[in-house]
Amino acid sequence: MDADQILQQLYDQTLAGNRPEVVDLTEQGLVDGIEPTTMLFEALIPALEEVGARFERGDFFVPEMLIAGRAMAGALEIVRPLLADTGSDTIGTFLMGTVKGDVHDIGKNLVDIMLEGAGFKVIDLGVQVAPETFVEAIQEHKPDVVGFSAFLTTTMPMFKVNIEALQKAGMRDDVIVLVGGAPVTQEYADVVGADGYAPDAAEATRRAKQLLEERRALTPA
Ligand code: B1M
């Protein structure tokens, strides 16, 4: 198979939720010199977008979404060390989690990988993270940035609940709050009082670095 065929197969097999095949194709792609980011952005992510489109049309149901997600996760496990390990010094600590009521984690995990690749130490609290869990973790780890992911219009309001929990705990000014996830917009981030928003993993990394640099420039040494 040439590179185009591998990418096409990766797309098809992710759409079909065939995890073992997706894992094999990802490994084959690396052996053949295909960049991990090419596999991500030209096959894996488009396949999940198509899964979402089919779900909206009623052609796919939750089980199909679930197995496609698991297939994508199999590929992410393989590319993760290649994307995350830059050997660079730690530039800051990033506390991450998907908000309460939401189990989506593939996009969040991709953001983690890119942040690690940029030099952040990432502490990921997983999915369905309650506001009080974020508060406790901030007390314990003292991160520079806290990231809230939400993938459903019904769970986006948890951003505001989380930010209010930080305010109540007297720690809102101690951390930069970055938000993101499929249905989130800059306007929504502004309304809930987040410091930043990013539409994808690459932009999340750029924005986190930028916000951290701005904050450090304002803080006396
Ligand atoms: Co669900 N799901 N899902 N799902 N799912 C979506 C999100 C949906 C858009 C599908 C659709 O209708 N087209 C829809 C949400 C509609 C809405 O609210 N607007 C939906 C729904 C409705 C549901 C259920 C309610 C279905 C049901 O039960 N009836 C249910 C909810 C469960 C719950 O959470 N309580 C549900 C369940 C599931 C599965 C468990 C089956 C599975 C998740 C598996 C997993 O994550 N482990 C699943 C999947 C796979 C999807 C789709 C198909 C794919 C999501 C994905 O991984 N995308 C999704 C459709 C779609 O997205 N087109 C869909 C790939 C990923 C790389 O992109 O997640 O956008 P994304 O992440 C990006 C950015 O958002 C951004 O960077 C990431 C990487 O570039 N980003 C950040 C993410 N976090 C960030 C944080 C930041 C900054 C940027 O700063 C902190």
Report summary line: Out of P63, P157, P81, a Gaussian network model of the chain with alpha-carbon springs under 10 Å gives the largest mean-square fluctuation to P63
**Report entry** Carbon and sulfur %, accessible surface of the chain computed with the full protein complex present, 1.4 Å
**Finding:** 52
Query raised in the report: Comparing V79, V31, V99, which has the greatest mean-square fluctuation in the GNM of the chain with Cα pairs linked when under 10 Å apart?
Result: V31
Report task. Specify whether the C-alpha gyration tensor of the stretch 92-218 places it in the rounded, prolate or oblate class, a ≥ b ≥ c being the square roots of the eigenvalues: rounded for a/c under 1.5, otherwise prolate if a/b is larger than b/c and oblate if not. Result -> rounded
Report summary line: Summing -39500 (n - 2.57) over every DSSP H run of at least 4 residues in the chain and dividing by its residue count gives a helix-only mean residue ellipticity at 222 nm, to the nearest 500 deg cm²/dmol, of -17500 deg cm²/dmol
**Report entry** Accessible area per residue, Å², the stretch 3-83 with all protein chains present, probe 1.4 Å
**Finding:** 52
Query raised in the report: What's the angle, to the nearest 10 degrees (0 to 90), between helix 3-15's Cα axis and the longest principal axis of the chain?
Result: 70
Report summary line: Summed over the other residues with a beta carbon less than 14 angstrom from that of I176, with K and R at +1 and D and E at -1, the charge totals +1
Query raised in the report: Given the options R54, R207, R70, which has the most mean-square fluctuation in a GNM of the chain, springs set between C-alpha atoms less than 10 angstrom apart?
Result: R54
Query raised in the report: Which of the lysines could a cross-linker bridge to K121, judged by Cα under 16 Å and excluding same-chain residues fewer than eight apart?
Result: K108, K142, K209
Query raised in the report: Quick one: putting +1 on the C-beta of Lys and Arg, -1 on the C-beta of Asp and Glu, what dipole do you get for the stretch 63-153 around its Cα centre, in Debye to the nearest 20?
Result: 120
Requested in this report: Starting from the Cα of R215, step 7 Å along the direction of its Cβ; do the same at D32; then give the gap between the two resulting points in nm.
Outcome: 4.4
Requested in this report: Could you give the size of the charge dipole of the chain about its Cα centre, using +1 on the Cβ of each K and R and -1 on the Cβ of each D and E, expressed in debye and rounded to the nearest 20?
Outcome: 780
Query raised in the report: To the nearest 0.05, what FRET efficiency results for D200 and E136 with a Förster distance of 35 Å applied to their C-beta separation?
Result: 0.75
Query raised in the report: Rounded to the nearest 0.05, what FRET efficiency is calculated for E77 and V103 with R0 set to 30 Å and r the Cβ-Cβ distance?
Result: 0.95
Query raised in the report: In terms of the Cα gyration tensor, with a ≥ b ≥ c the square roots of its eigenvalues, is the stretch 1-127 rounded because a/c is under 1.5, prolate because a/b exceeds b/c, or oblate?
Result: oblate
Query raised in the report: In debye to the nearest 20, how big a dipole does the stretch 1-105 give about its Cα centre with +1 on each Lys and Arg Cβ and -1 on each Asp and Glu Cβ?
Result: 460
Query raised in the report: By its C-alpha gyration tensor, with a ≥ b ≥ c as the square roots of the eigenvalues, how is the stretch 94-138 shaped: rounded for a/c under 1.5, else prolate for a/b larger than b/c, else oblate?
Result: oblate
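The values are calculated or read from the model by the stated rules, or taken from the named source; none is laboratory data. Computed from a predicted structure; not experimentally measured. Backbone-built Cβ (ideal geometry, glycine too); neighbour counts: all protein chains shown. Keep in mind that these areas ignore ligands, DNA and RNA; they rest on the heavy atoms of the full protein, side chains included. Shrake-Rupley method; radii C 1.70, N 1.55, O 1.52, S 1.80 Å.
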